[in-house]
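Enquirer: Here's a structure for you.
The values are calculated or read from the model by the stated rules, or taken from the named source; none is laboratory data. Given the structure is predicted, the values throughout are model-derived calculations rather than measurements. Note that each Cβ is placed from the backbone with ideal geometry, even for glycine, and that neighbours are counted across all protein chains shown. The accessibility values were calculated without ligands, DNA or RNA, using every heavy atom of the protein model including side chains. Shrake-Rupley method; radii C 1.70, N 1.55, O 1.52, S 1.80 Å.
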Amino acid sequence: MVSVEEALNRILARIQVLGLEKVDIIGSLGRVIGEDILAPRDIPPLDNSAMDGYAVRATDIKGASRESPISLKVIEELPAGILPQMSVTKGEAVRIMTGAPLPKGADTVVMVEDTEKTGEGVRVFQEVPRGEHIRRAGEDVKKGDRVISKGSVIRAAEVGMLASVGRAFVSVHQRPVVAILCTGDELVDVDEGIADHKIVSSNSYTLAAQVMECGALPLQLGIAKDDPTEIEQMLRQGLRTDIILSSAGVSVGDYDLVKDVLGGIGFQMEFWRVAMRPGQPLAFGTIGGKPTFGLPGNPVSSMVSFEQFVRPSLLKMMGHKNLFRPIVEAVLKEEIIKKPGNRHFVRARVSLEEDRYVVTTTGPQGSGILNSMVDANGLIIAPEDRTQIKAGEKVRVQILDRSFESAILENHQGVEAT
Ligand code: AMP
Ligand code: MG
């Protein structure tokens, strides 16, 4: 039996970062970029107006005020996206819209609000300092600047920046294809008739969803009976993927055949059993270098094991640097009693009470009770050596998902989605 830390270290040591593929920039959202992006030109490329108004020479409007306006001759009108044809000389102005390039000769823009149009010209009511209301060429990005660094996760801002610098396609780390095999004589698929002595293979779906939440690609191998030949046949289908997850059959029962079958197809076991609950019977190893997990069958054990070990593995494969869920400190609202020896991951709900996080468990913690996982937004990490954690103590909580954000928002009155 290994500790959670040791299991994680030994797993991650076996995980290789996948290679790169080229995708369109919308498709790059959430992916890890595999190249530095340099700006091929200044952005904006030219000095341009930050306001609707008039491009002028600052010296020409020195001293202008409501009481003594200065009249200028308007020689051109410049909507955004048009190159100026004229140069501004003494006593002249160009009508200019936000984003339009500044004409030669002009060094300042007067806002339209500080002017009044006349027949051929404009009256300026306000002196403005030289350079006012001009966005300088290169003020956002200079030619040659590194605008996105290799290894960054692409978010909406990066997608926009890629478009700005003229990149329609970029190289990102590949997404692993993840084989999922569920085993057990008692299992049926959700669309098969459900008899009372059968259970639906919910793990097939939970695992696929967890894989997708990581940004990886699930491949369902199906459900194998507790029959070595059938398990082996189906597992072999997984050998063409990047990583294999099998569910159940890794305990010590007479029908727990997965480890033996894996052994027969070249499984090099790294370890079996981790000092944690739920999720103790976990086997990990490689088949021809391919990471392979024998996950426990109980629905919550499977989910929690995935969270602790498979998710960081998939994120590493996809080039992520940050592999772990956030952890917050919260005040425990009720006592937790446990046996020593294992680390417990206790299903719980964190919320914000005044200015501190508080956490309550979501009820029965049996490893088959998926309902308390449905209600949870986090897992309290109850240390190996503890047997009792009292109400009022601070505990560490691993945050599982976005429902944490809504739990926080519920406490900020007045912020409601309609
Ligand atoms: P096992 O490890 O095969 O002894 O399975 C442990 C428990 O997990 C049993 O109660 C199984 O019925 C349950 N279980 C196994 N596989 C699945 C699955 N794919 N979906 C839901 N529950 C499962
Ligand atoms: Mg079984």
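Enquirer: Determine which member of the set VAL350, VAL304 is in contact (Cβ under 8 Å) with a residue 12 or more places away in the chain, under 22 Å from the mean Cα position of the chain (by Cα), open to solvent by less than 30 Å² (accessible area, probe 1.4 Å) and within 17 Å of VAL211 (Cβ to Cβ).
Expert: VAL304
Enquirer: Does the range 250-263 hold any residues that are touching a Pro at 6+ places or on another chain (Cβ under 8 Å), farther than 21 Å from MET303 by Cβ and within 10 Å of ligand 2 (Cβ to nearest atom), and which are they?
Expert: Once the filter is applied, which keeps residues that are touching a Pro at 6+ places or on another chain (Cβ under 8 Å), farther than 21 Å from MET303 by Cβ and within 10 Å of ligand 2 (Cβ to nearest atom), the range 250-263 yields only LEU257.
Enquirer: Which of the residues spanning the range 205-224 are open to solvent by less than 10 Å² (accessible area, probe 1.4 Å) and within 15 Å of ligand 2 (Cβ to nearest atom)?
Expert: ALA224
Enquirer: Kindly provide the set of residues from the range 167-190 that are among the hydrophobic types (A, V, I, L, M, F, W, C), within 16 Å of ligand 2 (Cβ to nearest atom) and out of contact with any helix residue (DSSP H, G or I) (no Cβ under 6 Å at 6 or more places or on another chain), ordered by number.
Expert: Residues satisfying the conditions are LEU187, VAL188.
Enquirer: May I pose another question? Mind checking whether some residue in the range 363-370 is crowded, with 17+ Cβ neighbours inside 10 Å, away from ligand 1 (no atom under 13 Å from the Cβ) and not assigned by TED's automatic domain parsing to the domain that holds SER406?
Expert: So far as the range 363-370 goes, no, none of its residues is crowded, with 17+ Cβ neighbours inside 10 Å, away from ligand 1 (no atom under 13 Å from the Cβ) and not assigned by TED's automatic domain parsing to the domain that holds SER406.
Enquirer: Between a residue in the range 217-233 that is closer than 27 Å to LEU315 by Cβ and any residue that is assigned to a helix (DSSP H, G or I), which pairs come within a Cβ distance under 6 Å, given they are 6 or more apart or on different chains?
Expert: PRO218/ALA208; PRO218/VAL211; LEU221/MET234; LEU221/GLN237; LEU221/GLY238
Enquirer: Select from the range 252-269 the residues that are within 10 Å of ligand 1 (Cβ to nearest atom) and in contact with a Gly (Cβ under 8 Å, 6 or more places away or on another chain) and list them in ascending order.
Expert: Across the range 252-269, the qualifying residues are TYR255, ASP256, LEU257, VAL258.
Enquirer: I'm told GLU334 meets every condition in (1) in contact (Cβ under 8 Å) with a residue 40 or more places away in the chain; (2) crowded, with 16+ Cβ neighbours inside 10 Å; (3) in the same structural domain as ALA382 (by TED's automatic domain parsing) except one. Can you identify the failing condition by its number?
Expert: (2)
Enquirer: Where in the range 1-90 are there strands (runs of 3 or more DSSP E), lying fully within it, with 1 or more residues that are over 25 Å from the mean Cα position of the chain (by Cα) and surrounded by 13 or more Cβ atoms within 10 Å (Cβ to Cβ)?
Expert: Strands (runs of 3 or more DSSP E) meeting the threshold: 53-56, 70-78.
Enquirer: May I ask you to list the residues in the range 289-344 that are touching a strand residue (DSSP E or B) at 6+ places or on another chain (Cβ under 7 Å), within 25 Å of HIS173 (Cα to Cα) and part of a loop (DSSP other than H, G, I, E, B)?
Expert: Scanning the range 289-344 gives MET318, GLY319, HIS320, ARG325, PRO326.
Enquirer: Sticking with this one: Quick check on the range 225-238. Is at least one of its residues within 16 Å of ligand 2 (Cβ to nearest atom), buried (at least 16 other Cβ atoms within 10 Å of the Cβ) and under 29 Å from ARG347 (Cβ atoms)?
Expert: yes
Enquirer: Additional query: In the range 172-202, what count of residues is obtained for those that are aliphatic (A, V, I, L, M), assigned to a loop (DSSP other than H, G, I, E, B) and near ligand 1 (Cβ under 7 Å from one of its atoms)?
Expert: 0
Enquirer: Of all residues in the range 240-249, count the ones that are open to solvent by less than 60 Å² (accessible area, probe 1.4 Å), more than 9 Å from ligand 2 (Cβ to nearest atom) and not hydroxyl-bearing (Ser, Thr, Tyr).
Expert: Qualifying residue count, the range 240-249: 4.
Enquirer: Tell me which of these LEU295 doesn't satisfy, since it passes every other one: (1) open to solvent by less than 10 Å² (accessible area, probe 1.4 Å); (2) away from ligand 1 (no atom under 16 Å from the Cβ).
Expert: Of (1) open to solvent by less than 10 Å² (accessible area, probe 1.4 Å); (2) away from ligand 1 (no atom under 16 Å from the Cβ), only one is false for LEU295: (2).
Enquirer: Give me the pairs: first residue in the range 73-94 and among the polar types (S, T, N, Q), second residue part of a loop (DSSP other than H, G, I, E, B), beta-carbon distance under 9 Å, and six or more apart or on different chains, which are they?
Expert: GLN85/PRO103; SER87/PRO103; SER87/LYS104; SER87/GLY105; SER87/ALA106; THR89/ARG57; THR89/GLY105
Enquirer: Test of understanding: among ALA100, ALA163, ALA106, ALA179, which residue is at negative phi and open to solvent by 50 Å² or more (accessible area, probe 1.4 Å)?
Expert: The match here is ALA163.
Enquirer: Right, something else. Under 7 Å by Cβ, and 6 or more places apart or on different chains, what pairs join a residue from the range 240-259 that is farther than 19 Å from LEU219 by Cα and assigned to a loop (DSSP other than H, G, I, E, B) with one that is more than 8 Å from ligand 2 (Cβ to nearest atom) and open to solvent by 10 Å² or more (accessible area, probe 1.4 Å)?
Expert: GLY249/LEU257; VAL250/LYS259; VAL250/PRO281; SER251/PRO281; LEU257/PRO228
Enquirer: Further question on the same structure: Among the residues that make up the range 301-312, is at least one of them more than 13 Å from ligand 1 (Cβ to nearest atom) and among the small types (Gly, Ala, Ser)?
Expert: Checking the range 301-312: not a single residue is more than 13 Å from ligand 1 (Cβ to nearest atom) and among the small types (Gly, Ala, Ser).
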